[in-house]
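Below: the structure, in structure tokens.
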Amino acid sequence: MYLQKCTALLLLIISFCFSQQSFATTSFQDTIQGFDKEKFITSLKELPPKEFARHFAEQYSQDSIKSMLSISHIKANMLTSENLEVQFWGYIGLAESQNYKTDFKESIIYAKKAAKIAKTIGDSNLLLNNYMFQGKIYYDYGKYQESMENYLNALKYGKEIKLVGLKLVVSKNIGLLKIEVGDNKGAIDLLEGTLKILEEEHSGKFKSLHVSLYIALTKSCMRAKEYEKAEYYGNKGIDLSNKYEDEDAKVYFYNFLGETDIFKENYAKAAQLLNKAWNKAHEIKSAQSQLPFINLNKAKIYYHNGDYKTAIDLLEKIEANEKQKNTNFFSLEDMYKYLGKSYKTIDTKKSLYYFEKANEVYTENDKKQNEIGVEIIKKYDLQSLKEELSQAEKTSKKTKIILYVSVSLAAIVVVGLIFFYKRREKSNQRKFEAILKSLEEEKEEIAEKVDEVEKVVVKEVVQTKAAKGKETDPKEVEIIDETKERLLRKLQNFEAKESYLSKHSSLNEVAKKLKTNTSYLSKLVNAHKGKSFTAYITDLRVNYAIKRLKNDKKFRSYTIDSIAQEIGFNRSESFSRAFKNKTGLYPSYFIKNLDNQDIE
């Protein structure tokens, strides 16, 4: 009886944490012609709360009529019940509903209410369910640190009820987290180890987990550019999906295999696979959350085939949809990058705008990766390894073997992440040393000679006139030369006086100060500095910050916000992003290393 109870609980966890089977395969009434509303409402009242939550996750939340009736049942009967366990499953049902709608913030609110009730009752089973569910929501929302904390809490309560299979679920979820922090090699090692245990020790069990491991391995191998392995796991996963009749999973496999072929530049084959994914996603409501990812990959093919307009149309639809849902997934960076590339030959202004958006998302994602890397190392080491080893002494011989293998997997996670973190630290240190070296080698810039300026200007004018079939008027060249020379000298003076540190350094304001027009100034900067005016001002400010931070210990004691304000930035985020884009480091890291080396 105890074993049955544990197995049922684990199956419930998996039903919350992984893609569900199509509701078309259930024995419950579908919302078709002749749907008996009253009979359905009665069936809801007869279902035990836990069973109701499972069915709601699997099918009701994907059917508008059933979802509406189920939510009404939750609010009218479950949340008003005097039985706290009934209330718990009611809040889990509402959280599941909001998660399906991708309203992650609202989903977390309901999940936390359920957690509060579970703590009041003191039921480890309920707390385990809740932490696993919250771990998945936070993962979907891109909050990887919080996701990890919830999975570790789930492990804590899992030990109390001795669910060995839970370790496989958590190992798989940690593998997904490793993919998101860029440790794809570590993810592959962990996921392959988890898959081996599942297939050797639990053959035929945990079907959803089995399929989801193949999905995760296909994704991590693709990200690691191990395309043959990605195709191997993708095709094996499709075979497994056919065996288990899991149509949802095929959407993921077709999409990842299509993306793999894009990397391999097999665009025709990629288009076929993505069309399969797209068609399958439209057939199955529970898989429609993958449509933005599928459409993003389709847009990439249009771009690579030179059909920029179709690529833009598709990408802008994705952008509008994601803004409406207020979501932020890692593929946003790809979306903005391809919008920038597609607009490059059509609209330069829009192209620059989208490249800047891509940089913003990159900075945000990089910050998330830095946070989760350290947290996993610290918390998983403290809460998992030592406790798992001490618990091993109390288990049976067979369970002990499985447990030691699970601990070994945990060790792989920790060692892999420590290696990943140290490798990133070494890379950052090299960047830091390169900055110092460039400062040491830097010499005073010599003003450009007037005759060199004249040669450039004369050459530009002659080439322009020749292109138009006109002769060059020497007087006209002289006038243009003098104008350009004066403006270049003014620009040098602007730099020497460090006027760019003023917040009033927009193109319009600087043009007024230099007594010229914005169009001419912009073209001059672009031609002689090789960058846009905004990039020119930003680079001057960042270069100033690097030099002053190295030479001025007091300046290093300022907050990042104060430094940003001091050198002309309106927001600390803008300064940090500009500093990171130029140096590869955040200013806080640069300052910390300067202080550690006691540089005066």
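For the subset of region 276-288 comprising residues that are in a helix (DSSP H, G or I) and in contact (Cβ under 8 Å) with a residue 40 or more places away in the chain, which member is least open to solvent (accessible area, probe 1.4 Å)? Before you say what the answer is, go through the steps one by one.
So in region 276-288, the residues in a helix (DSSP H, G or I) come out as 276-283, 285-288.
With the extra rule that they be in contact (Cβ under 8 Å) with a residue 40 or more places away in the chain, the set shrinks to 285-287.
Working: Lys285: 83, Ser286: 23, Ala287: 1 Å².
The residue in question is Ala287.
Which ones in region 14-67 are over 22 Å from Val169 (Cβ atoms), of a type in the set (A, V, I, L, M, F, W, C) and either modelled with pLDDT of 50 or more or assigned to a loop (DSSP other than H, G, I, E, B) (or both)?
Hits for region 14-67 are Phe28, Ile32, Phe35, Phe40, Ile41, Leu44, Leu47, Phe52, Ile65.
Which is assigned to a helix (DSSP H, G or I), over 19 Å from Asn359 (Cβ atoms) and in contact with a Ser or Thr (Cβ under 6 Å, 6 or more places away or on another chain), of Ala578, Ala511, Ala564, Ala527? Give the derivation first.
Working: Ala578 fails: over 19 Å from Asn359 (Cβ atoms); Ala564 fails: over 19 Å from Asn359 (Cβ atoms); Ala527 fails: in contact with a Ser or Thr (Cβ under 6 Å, 6 or more places away or on another chain).
It is Ala511.
For region 555-565, does any single residue satisfy the condition of being touching a residue at least 40 places away in the same chain (Cβ under 8 Å), open to solvent by 30 Å² or more (accessible area, probe 1.4 Å), under 22 Å from Tyr362 (Cα atoms) and not aliphatic (A, V, I, L, M)?
From region 555-565, those touching a residue at least 40 places away in the same chain (Cβ under 8 Å) are none; that's our starting set.
Checked against the condition, which is being touching a residue at least 40 places away in the same chain (Cβ under 8 Å), open to solvent by 30 Å² or more (accessible area, probe 1.4 Å), under 22 Å from Tyr362 (Cα atoms) and not aliphatic (A, V, I, L, M), region 555-565 yields no hits at all.
Take the residues of region 485-513 that are acidic (Asp, Glu) and under 17 Å from Val542 (Cβ atoms): which is surrounded by the fewest Cβ atoms within 10 Å (Cβ to Cβ)? So that I can check it myself, show each step before the final result.
The first filter runs over region 485-513 and keeps only residues acidic (Asp, Glu), leaving 485, 495, 498, 509.
Filter once more, keeping what is under 17 Å from Val542 (Cβ atoms): 495, 498.
Numbers: Glu495: 15, Glu498: 13.
Here the residue is Glu498.
If a residue has to be farther than 14 Å from Met335 by Cα and either in contact with a strand residue (DSSP E or B) (Cβ under 6 Å, 6 or more places away or on another chain) or hydrophobic (A, V, I, L, M, F, W, C) (or both) to count, how many in region 282-320 make the cut?
2
So, in region 250-275, of the ones that are closer than 19 Å to His210 by Cα and open to solvent by less than 30 Å² (accessible area, probe 1.4 Å), which residue ends up farthest from the chain's Cα centre (by Cα)?
Taking region 250-275 first, the residues closer than 19 Å to His210 by Cα are 250-257.
From what is left, the residues that are open to solvent by less than 30 Å² (accessible area, probe 1.4 Å) are 250-251, 253, 255-257.
Working: Lys250: 23, Val251: 20, Phe253: 20, Asn255: 17, Phe256: 16, Leu257: 20 Å.
For region 250-275, the residue satisfying everything is Lys250.
Output the residues belonging to region 573-585 that are in contact (Cβ under 8 Å) with a residue 60 or more places away in the chain and either in contact with a strand residue (DSSP E or B) (Cβ under 7 Å, 6 or more places away or on another chain) or among the hydroxyl-bearing types (Ser, Thr, Tyr) (or both).
Ser576, Thr583
Looking at (1) in a helix (DSSP H, G or I); (2) surrounded by fewer than 24 Cβ atoms within 10 Å (Cβ to Cβ), which one does Tyr214 not meet, given that it meets all the others?
(2)
So for region 539-560 (the condition being closer than 25 Å to Glu509 by Cα and aromatic (Phe, Trp, Tyr)), does at least one residue qualify?
Yes, because at least one residue in region 539-560 is closer than 25 Å to Glu509 by Cα and aromatic (Phe, Trp, Tyr).
Which one of the conditions (1) of a type outside the set (Gly, Ala, Ser); (2) surrounded by 14 or more Cβ atoms within 10 Å (Cβ to Cβ); (3) in contact (Cβ under 8 Å) with a residue 60 or more places away in the chain; (4) outside any helix (DSSP H, G or I) does Asn570 fail to meet, given that it meets all the rest?
(2)
Just to verify a result, which residue in region 92-131, among those that are of a type in the set (Phe, Trp, Tyr) and closer than 23 Å to Lys285 by Cβ, is surrounded by the fewest Cβ atoms within 10 Å (Cβ to Cβ)? Let's see the steps before the verdict.
As a first pass, look at region 92-131 and keep what is of a type in the set (Phe, Trp, Tyr): 100, 104, 110, 131.
With the extra rule that they be closer than 23 Å to Lys285 by Cβ, the set shrinks to 100, 104, 110.
Working: Tyr100: 19, Phe104: 21, Tyr110: 22.
This residue is Tyr100.
What is the residue count in region 177-208 for residues that are under 23 Å from the mean Cα position of the chain (by Cα) and part of a loop (DSSP other than H, G, I, E, B)?
The total comes to 3.
Would you pick out the residues in region 514-524 that are buried (at least 16 other Cβ atoms within 10 Å of the Cβ) and in a helix (DSSP H, G or I)?
Going through region 514-524, the residues buried (at least 16 other Cβ atoms within 10 Å of the Cβ) turn out to be 514, 516, 521-522, 524.
Result: Leu521, Ser522, Leu524.
Can you tell me which residue is farthest from the chain's Cα centre (by Cα) among those in region 217-249 that are open to solvent by 20 Å² or more (accessible area, probe 1.4 Å) and of a type in the set (S, T, N, Q)?
Selected residue: Asn242.
Regarding Glu96, is this residue within 26 Å of the chain's Cα centre (by Cα) and of a type in the set (Asp, Glu)?
Working: within 26 Å of the chain's Cα centre (by Cα): yes; of a type in the set (Asp, Glu): yes.
Judged against the criteria, Glu96 is a match.
Can you name every one of the helices (runs of 4 or more DSSP H) wholly within region 68-152 that holds 1 or more residues which are free of Cβ contacts under 8 Å to residues at least 12 places away in the same chain?
Numbers: elements: 84-100, 104-121, 124-140.
The qualifying helices (runs of 4 or more DSSP H) are 104-121.
The values are calculated or read from the model by the stated rules, or taken from the named source; none is laboratory data. Model, not experiment: these values are computed from the prediction. Glycine gets a Cβ as well: all are built from the backbone with ideal geometry, and neighbour counts include every protein chain shown. Areas reflect the complete protein model, heavy atoms only, side chains present, ligands, DNA and RNA absent. Shrake-Rupley method; radii C 1.70, N 1.55, O 1.52, S 1.80 Å.
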